[in-house]
Amino acid sequence: MTDLASSPGRDRASPATAPERGRPARLDRGNIAVVIPALNEALRIREVVEGALAQCANVIVIDDGSDDGTGERIADLPVTVLRHAQRQGKGASLRDGFAEAQRRGFLAVITMDGDGQHSADDIPRLIDSGNRHPGHIVIGARLRKRAAQPTYRRLANNFGDWGVAWGTGYQVADSQSGQRLYPAEVIALRDVPGEDFVFEAQILMSAAQQLGTRCVSVPIESRYSSDASDEQFRASHFKPLRDFSRITSHIVLQCLRRGGVPDVYRSIRANPPLIDDPTGEFATMGDKIHANTR
């Protein structure tokens, strides 16, 4: 059972207003929430949350049973903190963060990890892309400085992208990135199966299968510990062999149950990744979408 306790941080009401008839409401820093799952993130969590607050008025942190003082590090900040008494996993943390954001009426949610590998400076770019492509899930795709990624992570991510495509019916650039913008109708989905990192793959598939939702990817920089950087990150909770095995087996079982494998394959081949990149740097990866697209 998940024991949720809310911190005394400011519980801000959403200023979201109903959109004009036929036109979706425009996203901005006041009508979205940043949701940050955190498990033993004392090293960087304050920096991450302060960065998010500089870009967005509403931040929800889910402290997933941390025992290193994660919650204490942000106790004085104007954020909502939901605490699990025991570790429940990333999937449960995201579900609880989504439910809180939906309860408060936000029009979208941006997710970030608590370890500092996502830059809050990319939040406005995800919001802008969400306004250009309403109804899409926007993924902060780690396409820039990909050489900084450990080789095994890069290969594993490529493998994961192909696997997720079998569940969505279209290709996704960096389907494993945890920095995403989800529109309200996606966070409202219920009974999305899968725990831990499987949930992040499954919600892309559930949104595609139930809502017809597509993803659009916004190129961001890869951020990893390296000899060329002074930035320090805790060891990743993501274990490629274990977690990709879970994700792959989960997707394979779904594909077998749904059937129609030849049709899905043709759909994947016909739908390359959508890249929202005004520079044109990544145009060869798929269908480039110019920044001035409306």
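At a glance:
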{"quantity": "Accessible area in the full protein assembly, largest first, 1.4 Å probe, for D76, D277", "calculated": "D76, D277"}
{"quantity": "Dipole in debye (nearest 20) - segment 80-120, about Cα centre, beta carbon charges: Lys, Arg +1; Asp, Glu -1", "calculated": "180 debye"}
{"quantity": "Sequence of D196, D64, D28 from largest to smallest accessible area, 1.4 Å probe", "calculated": "D28, D196, D64"}
{"quantity": "Charge sum, other residues only, whose C-beta stays under 13 Å from G71's C-beta, Lys/Arg counted +1 and Asp/Glu -1", "calculated": "-4"}
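The values are calculated or read from the model by the stated rules, or taken from the named source; none is laboratory data. In this text the structure is predicted, and so the values were computed from the model without any measurement. Cβ coordinates were reconstructed from backbone atoms using ideal geometry, including for glycine residues, and neighbour counts include every protein chain displayed. The area values use the complete protein model at the heavy-atom level, side chains included, leaving out ligands, DNA and RNA. Shrake-Rupley method; radii C 1.70, N 1.55, O 1.52, S 1.80 Å.
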